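First comes the structure, then the notes that go with it.
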Amino acid sequence: MQITEIYKSLQGESTYAGLPCVFVRLTGCNLRCSWCDSEYTFQGGRKMSLEEVMKEVSRLSPQGGLVEVTGGEPMLQEREVVPLMERLLAEGYGVLLETSGERPLATVPAEVVKIVDVKCPDSGEGGTFRMENLQTLTKRDEIKFVLASRADYEFAREFTHKHQLCDRVNAVLFSPAFRKDATGARDASHCLLDPQQLAAWMIADGVRARLGLQLHKFIWDPAVKGV
Ligand code: SF4
């Protein structure tokens with residue numbers, strides 16, 4: 001499989017945020033979200049076998065723990081990435097899969113926690129969510145909306161309500177988008193949607209979602225990769 005990087009850090013944006021985690025970041029994405037902070041994954045990387053990936057994961061986290069398979073869009077390499085997730089599970093790792101929601105998810109092993117985006121209008125990729133993926137979601141999974149505006153918030157609120165997401169998954173996350181050129185300050189000034197404003201809307205509407213902040217952008221300089 002084509003890999004951009006494998007590194008150990010803290011999980012940043014789900015109910016697993018704050019936990020130590022090894023990230024296996026696959027190369028390539030078929031979407032082009034306007035606020036994407038992972039454009040460096042679109043090309044390049046290096047070919048690694050399943051054994052080579054497992055060796056590196058085990059070197060970084062010999063005691064087991066959490067592994068996040070991410071990208072880019074990891075499910076573009078479904079033929080390689082599904083056996084990788086099966087192997088990680090077999091070796092006792094907890095596995096998270098971060099995916100755009102555009103690729104089919106039916107072949108993802110049931111024990112994997114799927115963290116699935118539903119792209120909102122301001123991303124420029126609205127409407128790409130594959131509706132049949134709703135049937136693959138379980139109580140261990142999480143749905144994430146990255147929001148850049150009031151229009152995005154209203155879309156997320158309505159989609160959550162219409163498809164009764166809170167009854168399908170472990171968590172529905174509303175997360176303010178970050179400016180992709182953010183650097184320097186490690187605070188909310190880089191958010192395209194002020195978290196305070198988002199919190200006010202969520203409280204006023206009684207939305208059954210969780211406000212999520214990208215933890216790593218507040219710990220390290222937002223421009224730093226591989227953290
Ligand atoms: S799906 Fe993810 S990696 Fe792909 S363009 Fe959107 S934010 Fe970037």
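The values are calculated or read from the model by the stated rules, or taken from the named source; none is laboratory data. Computed from a predicted structure; not experimentally measured. Neighbour counts run over all protein chains shown; Cβ positions are idealised from the backbone, glycine included. With ligands, DNA and RNA removed, areas are computed over all heavy atoms of the protein, side chains included. Shrake-Rupley method; radii C 1.70, N 1.55, O 1.52, S 1.80 Å.
Some points to look at:
- Accessible area (Å², per residue) of the chain, counting only protein heavy atoms and a probe of 1.4 Å: 45 Å²
- Over all pairs of different C-alpha atoms in segment 62-103, the reciprocal of the mean inverse distance, the Kirkwood hydrodynamic radius, equals 10.7 Å.
- Over the chain: helical MRE at 222 nm, DSSP H runs n ≥ 4 each giving -39500 (n - 2.57), nearest 500: -7000 deg cm²/dmol
- When the convex hull of its Cα atoms is viewed from all sides, segment 1-108 shows a mean projected area of 6.5 nm².
- Taking N as its residue count, the alpha carbon Rg of segment 123-183 over 2.2 N^0.38 Å: 1.20
- Remark: relative contact order (segment 172-220) = 51 percent; criterion is Cα-Cα distance under 8 angstrom and separation of 6 or more residues.
- Charge sum, other residues only, whose C-beta stays under 15 Å from Thr160's C-beta, Lys/Arg counted +1 and Asp/Glu -1: -1
- Among the cysteines of the chain, Cys21, Cys29, Cys120, Cys166, Cys191 have no other cysteine beta carbon within less than 4.7 Å of their own.
- Radius, Kirkwood style, for segment 105-227 when every pair of distinct Cα atoms is counted (Å): 15.3 Å
- Its relative contact order, with pairs defined as Cα atoms under 8 Å and 6+ residues apart, puts segment 84-227 at 18 percent.
- Considering only alpha-carbon pairs that sit under 8 angstrom and 6 or more positions apart, the relative contact order computed for segment 76-138 is 30 percent.
- Pair-distance distribution P(r) for segment 10-68, from all Cα-Cα distances in 10 Å bins starting at 0: 19, 39, 37, 5 percent.
- Shape box of segment 105-149 [Cα atoms, principal axes, largest first, Å]: 34, 16, 12
- Descending semi-axes in Å of the chain, equivalent ellipsoid built from Cα gyration tensor: 27, 20, 16
- Distant-in-sequence amide contacts of Cys120, defined by a placed amide H-H separation under 5 Å and a gap of 5 or more residues or a different chain, comprise Val146.
- For segment 172-227, the share of alpha carbon pairs falling in successive 5 Å distance bins from zero is 4, 20, 28, 21, 14, 8, 4, 1 percent.
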